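Q: Pasting a structure below so you can have a look.
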Amino acid sequence: MTLARGPRPGPAGDLAWFDRGPLDPGPEAVHASVLDTIGATPLVELGRLFDRPGVQVLAKLELMNPGGSMKDRSARYIVASGMADGSIPPGSRLVESSSGNFGVAVAMAAQLHGLSFTCVVDRNASAANVTIMRGLGADVEVVDEPDEAGGYLHTRLARVHEILATTADTVWINQYANERNWLAHYHGTGAELVDQLLVPPTHLVGAVSTTGSLLGCARRLREVCDPLQVVAADAVGSVIFGGRGGCRELPGLGSSRVPELHSPDEIDRVEHVDDATAAEACRELLATEAIFAGGSTGAVVTAVARLLDDVVPPARVVAIFPDRGDRYLDRVYDDAWLDRARARRVALSR
């Protein structure tokens with residue numbers, strides 16, 4: 001097959017490559033699968049949202065990964081590494097507890113590696129994520145009984161253990177304890193930031209749930225940035241940093257148990273963000289920077305705003321934006337839901 005050559009629009013030279021004659025037989029930028037497109041996400045300056053003299057805020061747009069979140073990185077790394085060393089045998093069934101985004105990412109990797117996948121989610125998982133996982137061939141189980149901390153993680157994990165005990169050839173990924181979780185971001189997101197930034201950042205801000213992404217990025221950046229203040233955006237109602245457990249409706253932020261990966265000595269500051277405040281920040285981000293982001297990103301934006309109240313210029317802040325907004329249309333971008341979240345915020349403040 002040959003490409004038809006037509007008239008060249010615009011000034012001469014606009015499509016010079018199109019008029020080369022025979023096609024160059026050299027290598028093309030064609031990927032073997034969508035997994036190969038994960039990463040290489042851009043940095044964007046947030047000069048409209050954060051216009052402060054002597055302070056620069058840069059967003060690492062992890063929401064541009066093909067599965068919609070930075071969880072694509074950890075899922076790809078964990079699955080590929082496990083298959084390479086035999087800890088994930090060919091044809092096995094992966095099992096994981098997820099609030100949604102990691103489940104989508106694992107479902108992508110499982111399908112393309114010929115693996116089965118059962119994902120245990122809870123009622124806070126977005127309908128979009130559940131639909132996407134099932135479309136990717138995953139079996140999705142939904143638990144609806146809250147645990148003693150007010151979340152669903154303990155309930156989800158109990159179901160994971162039941163599946164492992166009753167189903168042959170199953171492998172639990174266990175993102176909360178898997179060292180490959182943070183290593184994916186050490187070698188991926190963190191390494192990219194080192195390459196992208198000629199001037200080192202003074203601050204790193206990221207959302208936490210397993211804590212793997214923030215720790216992986218921080219460990220890589222601290223090899224070249226001294227000093228670097230690391231700021232965690234956690235959810236109100238999360239127990240990661242010793243807070244009291246409570247109701248949370250935005251999936252993917254915070255946890256009702258302390259992850260095994262957690263290393264509090266490596267995190268300098270924590271900002272707890274409620275659902276309504278995170279959603280409001282998402283809407284402000286969209287209105288000022290035209291970035292359509294999810295709830296965890298809204299928490300990061302809030303943490304950055306609070307940080308800047310205390311920062312002494314000059315400062316360069318890198319904020320990791322982990323999720324995009326299409327999975328949050330029924331929450332963050334729904335006015336009725338936001339009204340209810342605001343009412344909960346008022347009740348908590350009394």
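The values are calculated or read from the model by the stated rules, or taken from the named source; none is laboratory data. Keep in mind the model is a prediction, meaning the values are calculated, not measured. Here the Cβ is made from the backbone with ideal geometry for all residues, glycine too, and neighbour counts use every protein chain on show. Accessible surface is based on the protein model in full, side chains and every heavy atom, while ligands, DNA and RNA are left aside. Shrake-Rupley method; radii C 1.70, N 1.55, O 1.52, S 1.80 Å.
Q: Under a Cβ-Cβ cut-off of 11 Å, what is the net charge of the residues other than GLY67 that fall near it, where Lys and Arg count +1 and Asp and Glu count -1?
A: On the way: positive: LYS71, ARG73, ARG76, ARG324, ARG327; negative: GLU62, ASP72, ASP323.
Here the charged neighbours net out to +2.
Q: Output wanted: per-residue J couplings in Hz (rounded whole) for region 161-174, from phi through Karplus 6.51 cos²θ - 1.76 cosθ + 1.60, θ = phi - 60°, x for Gly and Pro.
A: Per-residue couplings from phi come out as 5, 4, 5, 4, 6, 10, 10, 6, 6, 9, 10, 8, 5, 6 Hz.
Q: Let me ask something else. Taking region 245-350, how much of its Cα-Cα pair set, in percent, is spaced more than 20 angstrom apart?
A: Of all Cα-Cα distances in region 245-350, 44 percent exceed 20 Å.
Q: Right, another one. Near the amide H of ARG324, under 5 Å away, which other amide H atoms are found, from residues 5 or more places off or on another chain, if H is placed in the peptide plane?
A: Correct list: GLY294.
Q: Let me ask another. Collect residues whose amide H, placed 1.01 Å from N in the peptide plane, falls under 5 Å from the amide H of ILE88; neighbours closer than 5 in sequence don't count.
A: Those lying under 5 Å, H to H, from ILE88 are MET83.
Q: Also, quick follow-up: What are the ³J(HN,Hα) couplings of region 85-94, residue after residue, when phi is run through the Karplus curve with 6.51, -1.76, 1.60 and θ = phi - 60°? Round to Hz, x for glycine and proline.
A: 9, x, 6, 10, x, x, x, 7, 10, 7
Q: Would you mind working out the accessible area per residue for the chain, using a 1.4 Å probe, and quoting it in Å²?
A: Here the residues of the chain average 45 Å² of exposed surface.
Q: Using the Karplus equation 6.51 cos²θ - 1.76 cosθ + 1.60 (θ = phi - 60°), what ³J(HN,Hα) coupling, rounded to whole Hz, does each residue of region 58-73 give in order, writing x for Gly and Pro?
A: Values, residue by residue: 10, 9, 8, 7, 5, 5, 8, 5, x, x, x, 7, 6, 5, 4, 5 Hz.
Q: What is the percent carbon and sulfur in the accessible area of the chain, measuring with a 1.4 Å probe over the protein chains and ignoring ligands? Don't skip to the end; give the middle numbers.
A: Working: 8320 of 15750 Å².
Its accessible area is 53 percent carbon and sulfur atoms.
Q: Could you give the Stokes-Einstein D for the chain in µm² per second, using the C-alpha Kirkwood radius, 37 °C, 0.692 mPa s?
A: Rounded, D is 154 µm²/s.
Q: I'd like the distance between the alpha-carbon centres of region 257-328 and region 61-83, rounded to an integer number of Å.
A: Taking the Cα centre of region 61-83 as reference, the centre of region 257-328 is 20 Å away.
Q: Which value at 222 nm does the chain reach when only helices count, each DSSP H run of 4 or more adding -39,500 (n - 2.57), with the total divided by all residues and rounded to the nearest 500 deg cm²/dmol?
A: Values: 10 runs with 117 residues, N = 350.
Rounded to the nearest 500, it is -10500 deg cm²/dmol.
Q: Can you sort LYS71, LYS60 by 1.4 Å-probe accessible area, starting with the largest? Let's see the in-between values first.
A: On the way: LYS71 50, LYS60 0 Å².
Result of the area sort, largest leading: LYS71, LYS60.
Q: Of all DSSP beta bridges in the chain, what percent run antiparallel (nearest 5)? Don't skip to the answer; put the middle values down first.
A: Details: 6 of 39 bridges.
Approximately 15 percent, going by the DSSP bridge assignments.
Q: Further, regarding this structure: Relative contact order, percent, of the chain when contacts are C-alpha pairs under 8 Å separated by at least 6 residues?
A: 17
Q: Using unit Cβ charges (K, R positive; D, E negative) and no other charged atoms, how large, in debye to the nearest 20, is the dipole of region 133-225 about its Cα centre?
A: Rounded to the nearest 20 debye, it is 420 debye.
Q: Any idea what diffusion coefficient region 114-203 gets from Stokes-Einstein, in µm²/s, Kirkwood Rh on alpha carbon pairs, 20 °C, 1.002 mPa s? Please list the in-between numbers first.
A: Numbers: Rh = 15.9 Å.
Using the Kirkwood radius from Cα pairs, D works out to 135 µm²/s.
Q: Name the residues of region 253-290 whose amide N is less than 20 Å from a point 7 angstrom out from the Cα of ASP335 along the C-beta direction?
A: 276-288
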